[in-house]
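The values are calculated or read from the model by the stated rules, or taken from the named source; none is laboratory data. Values in this document were obtained by computation on a predicted structure and should not be read as measured data. All Cβ positions, even for glycine, are placed from backbone atoms using ideal geometry, and neighbour counts span all protein chains on display. Calculation scope for accessible area: heavy atoms of the full protein, side chains included, ligands and nucleic acids excluded. Shrake-Rupley method; radii C 1.70, N 1.55, O 1.52, S 1.80 Å.
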Amino acid sequence: KAYLMLYAASANFFESKDETDLVHKIVSDADYKMIHRELEKDNDYQSIQKILYNIEKFNYSKGQLHELMADIKTLFYADGEFDIQEENMLRALKKLIN
């Protein structure tokens, strides 16, 4: 979940403090740093493959996927703005995940 949230937070190539604070609520600082480093070295294709693999691996239910998308939407609004890049990321993730 943290990897997906960080991937989403980078939609507009800027992670606000509010967005990173929200991710820190679900993962420790050490895990945050480790996941962030991993995300930085992955390209979009690798990131999407990891996300899809883990959704399947952990057998997310429709309800859990719905909650996950709601969490991502909350993340996008964390800094008080929901820009076009975040909107496009949300659409793409909905198509991938659902």
Filter the range 19-38 for residues that are surrounded by fewer than 18 Cβ atoms within 10 Å (Cβ to Cβ) and either closer than 15 Å to Asp83 by Cα or among the basic types (Lys, Arg) (or both) and give the result.
-> Lys25, Lys33, Arg37
Only residues that are open to solvent by less than 40 Å² (accessible area, probe 1.4 Å) and either touching a Phe, Trp or Tyr at 6+ places or on another chain (Cβ under 8 Å) or closer than 24 Å to Lys17 by Cβ (or both): list them for the range 39-75, please.
-> Leu39, Asp42, Ser47, Ile51, Leu68, Met69, Ile72, Leu75
Conditions (1) in contact (Cβ under 8 Å) with a residue 24 or more places away in the chain; (2) open to solvent by less than 60 Å² (accessible area, probe 1.4 Å); (3) touching a Leu at 6+ places or on another chain (Cβ under 9 Å) -> Ala2 fails only (3)
